[in-house]
Amino acid sequence: MNTVMVVEDSVTQREMICDLLKQNGLKVSTATDGVEALEEVQKNRPDLMVLDIVMPRMNGYELCRRLKSDPDTRNIAIVMCSSKGEEFDRYWGMKQGADAYIAKPFQPQELVGTVKQLLRG
């Protein structure tokens, strides 16, 4: 079973995304910011990560950059999921190494479809 880590500082958003992924047969772990996510990745490596961008301590861009520059974690698929929906934000997220970028608010099927597609890839 594939594991997805949801890194989101908003409790409501985190729970909504986790429930959505669990309903679609995925195992889910969570972190509340980039620092916690890096610690968690060392213990339990997920197949894919859904990252918020605006978070305390370490934002999603920085976390993505660190994961993609490390040979041990560079193959983890990353979906940026943020309320920063401008074209520049999308461009910058992809430039950091993200595999996909979804702007909030999103349709549940958009997130699930993107996650499943990346896990198959």
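The values are calculated or read from the model by the stated rules, or taken from the named source; none is laboratory data. Values in this document were obtained by computation on a predicted structure and should not be read as measured data. Glycine also receives a Cβ, built like all others from the backbone with ideal geometry; neighbour counts cover every protein chain displayed. In case anyone asks, the SASA skips ligands and DNA or RNA and just uses the protein heavy atoms, side chains included. Shrake-Rupley method; radii C 1.70, N 1.55, O 1.52, S 1.80 Å.
Does any residue of region 43-66 turn out to be over 27 Å from MET1 (Cβ atoms) and among the small types (Gly, Ala, Ser)? No, the conditions are met nowhere in region 43-66. Within region 73-121, the residues that satisfy the criterion of being assigned to a loop (DSSP other than H, G, I, E, B), more than 11 Å from the chain's Cα centre (by Cα) and touching a residue at least 24 places away in the same chain (Cβ under 8 Å) are THR73, SER83, LYS84, GLN96, GLY97, LYS104, PHE106, GLY121. Among residues belonging to region 31-51 that are of a type in the set (D, E, K, R) and either touching a Lys or Arg at 6+ places or on another chain (Cβ under 6 Å) or modelled with pLDDT of 95 or more (or both), point out the one that is surrounded by the fewest Cβ atoms within 10 Å (Cβ to Cβ). Out of the qualifying residues, it is GLU39.
When MET55 is tested against (1) modelled with pLDDT under 95; (2) open to solvent by 80 Å² or more (accessible area, probe 1.4 Å); (3) outside any helix (DSSP H, G or I), exactly one condition is not met: (2). Within region 74-83, at least one residue is over 20 Å from CYS18 (Cβ atoms) and open to solvent by 50 Å² or more (accessible area, probe 1.4 Å).
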